[in-house]
1. Mind checking which of Glu49, Glu68, Glu58 has the largest fluctuation in a GNM of the chain, springs on alpha carbons under 10 Å?
2. Rounded to a whole number of µm²/s, how large is the Stokes-Einstein D of the chain at 20 °C and 1.002 mPa s, given Rh as the Kirkwood radius over C-alpha pairs?
3. Count the DSSP beta bridges whose two residues both fall in the chain, then state the antiparallel fraction as a percent rounded to the nearest 5.
4. Whole Å is fine, so just give me how far the alpha carbon centre of region 20-44 lies from that of region 51-85.
5. Who wins for biggest fluctuation among Phe32, Phe59, Phe18 in a Gaussian network model of the chain, springs between alpha carbons below 10 Å?
Amino acid sequence: MAILTDEENLAVQAKLNFILGAKTYDTYFQGFHCAELSDGIITAYAKSEYMAGVISAEFSGDIAEAIESIVGQRVTGVLVLPHRTSRR
């Protein structure tokens, strides 16, 4: 299991902003952060259960692409949870 550093998380967010555009990023990704990468599965947190569902359904591929380019490891799945289950 690899916990993403603050710098990696910020780089992923910047990459997502670039890929999706500022309007889409600002609409869906406020309060979003990626926490860890374990066996190809990224665990990320969104500001609400609703946003976690939307992000998971609509943007998992973009998240995987951004993380792969920053961390340099293959991502095979994206798990987006609401913040209340976060251990941070």
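Since every read-out is calculated from the coordinates, none of them should be taken as a lab result. From a predicted model like this one, the values you see are computed outputs, not experimental measurements.
1. Glu58
2. Numbers: Rh = 12.6 Å.
Translational diffusion coefficient: 170 µm²/s.
3. Numbers: 7 of 13 bridges.
So the antiparallel bridges in the chain amount to around 55 percent.
4. Distance between centres, Cα-based: 6 Å.
5. The residue with the greatest mean-square fluctuation here is Phe18.
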